[in-house]
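Since the structure comes first, as structure tokens, the remarks are kept for the end.
What follows is calculated from the coordinates using simple rules that are stated; it is not laboratory data. The structure presented is a predicted model; accordingly, all values stated were derived computationally and were not measured. Cβ atoms come from the backbone with ideal geometry, glycine included; neighbour counts cover every protein chain shown.
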Amino acid sequence: MKNLAVCGIVLALAALAPALEAGSFSAAAWGLGTLLLLAIVAQRAAQQIGFPAIVGWLAAGFAIGASGLDLIDAPTNQTLLTLRTLALLWLAFQVGLGATSRWNDSRVAALVIATTLVAQLLVTLALTLTSDFRFDQALLLGALACLWGPLVLTSLAGSAEVRRMSIMGAAASLVLFGSTLVVLRIRGSVGPEADQFVLMLMVSCAAGAICADLLWRLGILSQRHSAILGMVGLSGVVALLLQPLGLYAVPFGICGGLVVSQRQGQGRLVTRLFDSSRPFCAMVFFALAAASVSLHGPLWPLEKGLAQFVLIQLLILIALRGVVPTLWFGKEFGADFDRRAIWLLVPKGVLLFELVHGPGLRLPALVDGGLTRFLYQLVVADLLVYAVGFSVVATLFQRVRASRQVVSSTD
């Protein structure tokens, strides 16, 4: 009851807010403050019933964003767009920073690459045989279906092994997605913008790694105060420049984090400094992301084939990322690793959100009109199915497993 009362007060304050000029800094500040306050309340409400915090963040964004009361103009306010990009950049950097172990494991790499490729092939084949999508459309959707989700994963589990696999998968899926665009460009199915799109994905990865390496070589990350100033300053500048330069935050941030992770060795100064800020960055990004998409208006009615595509990719991802790794690895990870945590690899991440809604050249500009609305609706479906639905299901399974362990221990 207390959480519901706070939610009511927050929404009442938002409704009574003074009329602010659309797109202004004051409108952004008021909207962001309202959104974050509601996100904190929703997070605590979700955790009270045993759900992960990400469910509350997304619920808050949907409630007062474009899908709900429309009290925050997240899609068009430049200040909010920059803050969303900054939060995503910082979150991606910390995801890369937290993955530190066994990058030379050929079995893991082979499994990740194989399951990523097979996922695209199976989705493409299924869509071609059972739907009205053309082959080039099915091939592109197959590449999008096999994207991985290291950013969502960090809000669900803290396993370094699972995070490492998910980052490998994100790299493999981005390479596969870029290769698919190249093939479609050769076939004439996409325009010349695809060349720039693929180039900027590659440049984003290289730029993130180079910037992080320069900060390390200059000694900025070797001391506490200089590390804080250096990383905060770099993140702010990059967030402002991503859109005019056409770069993408997720590959930039993850590659930067991976470089620092390998450079800092056993001391792990940067990890200790910034790890505590990861939940806040995740809250800001996911709340703003949910506030930026709409469940009605131009996204309704649902595009033909959307439900079929979501069901197909869900079944294939469960088989390839849940069942196959569990059967393959056996005792590969050792006694202290719970193989059932591999099921947390099933949720997809926010790569699709950035490719569709992020700064720079967006994916809808590359495809024909028949897929434009489909892609916008697919982002919403991914958030609801994977970030909300699967995380709730995973939490329920964990609670059931914990209760069984308690019963067995008492027996």
Quiz item: Please report, for the Cα atoms of region 83-178, the Rg to one decimal and the Dmax as a whole number; what are they, in angstrom?
Solution: 15.2, 44
Exercise. Quick one: check the C-alpha center-to-center distance for region 372-387 versus region 131-153, whole angstrom.
Key: 11
Quiz item: What is the spin-label model distance, in nm, from Val118 to Arg134 if the labels are put 7 Å beyond Cα along the C-beta direction?
Solution: 3.1
Quiz item: By average Cβ neighbour count within 10 Å, what is the ranking of 359-367, 213-221 from highest down?
Solution: 359-367, 213-221
Quiz item: What order do you get for Leu241, Leu344, Leu371 when you list them from fewest to most C-beta neighbours inside 10 Å?
Solution: Leu241, Leu371, Leu344
Practice problem: For an R0 of 35 angstrom, estimate the FRET efficiency from the Cβ-Cβ distance between Glu193 and Val237 and round to the nearest 0.05. | Solution: 0.85
Quiz item: Between Gln262 and Ser277, what is the spin-label point distance in nm, taking each point 7 Å from the Cα along the Cα→C-beta axis?
Solution: 2.4
Exercise. Using Cα pairs closer than 8 Å and at least 6 residues apart in sequence, work out the relative contact order for region 81-402, in percent.
Key: 29
Practice problem: Multiply the residue gap between Ala109 and Ser222 by 0.36 nm, knock off their C-alpha separation, and tell me the result in nm, one decimal place. | Solution: 37.6 nm
Practice problem: Within the set of other residues whose C-beta is less than 14 Å from the C-beta of Cys211, count the net charge using Lys and Arg as +1 and Asp and Glu as -1. | Solution: +1
